[in-house]
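**Student:** Here's a structure for you.
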Amino acid sequence: MDKAVLAVVRRFPHLKDEIEALTEHNEAFREACEDFLDATRALAWWTEAPNCAASVSREAEYTALVDDLAREILMMLESRGSDPIV
């Protein structure tokens, strides 16, 4: 499994099958997974960075970005089917 897809599956393990299925046929979804992986890596880096105003600010920004990307991914998964996914 691709690292980006694996990162999304870790966030939503109950949606593993749906994630893998959409990855096979949807380039935009694969790109969203890549963005999610990049953002989670950046968040991890800033979380471990020395505590200063810049690191606290960047950590908050990347936390928000990861959450936004997770919502975008869920919307893409929901648009694939008719039932809401939680």
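**Student:** Please find, within the stretch 7-20, the residue that is farthest from Arg80 (Cα to Cα) out of those that are surrounded by 14 or more Cβ atoms within 10 Å (Cβ to Cβ) and free of Cβ contacts under 8 Å to residues at least 12 places away in the same chain. Lay out the reasoning, then the answer.
**Tutor:** Quick first cut of the stretch 7-20, residues surrounded by 14 or more Cβ atoms within 10 Å (Cβ to Cβ) only: 7-9, 11-12, 15-16, 18-20.
Keeping just the survivors that are free of Cβ contacts under 8 Å to residues at least 12 places away in the same chain gives 9, 16.
Values: Val9: 17, Lys16: 14 Å.
Among those residues, the one meeting the criterion is Val9.
**Student:** Kindly state which helices (runs of 4 or more DSSP H) lie completely within the stretch 7-86 and contain at least 3 residues that are among the β-branched types (Val, Ile, Thr). First the steps, then the outcome.
**Tutor:** Numbers: elements: 16-25, 27-48, 53-80.
In the stretch 7-86, the matching helices (runs of 4 or more DSSP H) lie at 53-80.
**Student:** Now, a different point. Pairs under 8 Å by beta carbon, first residue of a type in the set (Asp, Glu) in the stretch 34-58, partner in a helix (DSSP H, G or I), six or more apart or different chains?
**Tutor:** Short answer, once both residue conditions are applied: Glu34/Ala4; Asp35/Leu69.
Any read-out appearing in this document is the output of simple, stated calculations on the displayed coordinates, not a laboratory observation. Everything quoted here is computed from the prediction, not taken from an experiment. Because the Cβ atoms are built from the backbone with ideal geometry, glycine has one as well, and the counts that use them run over all protein chains shown.
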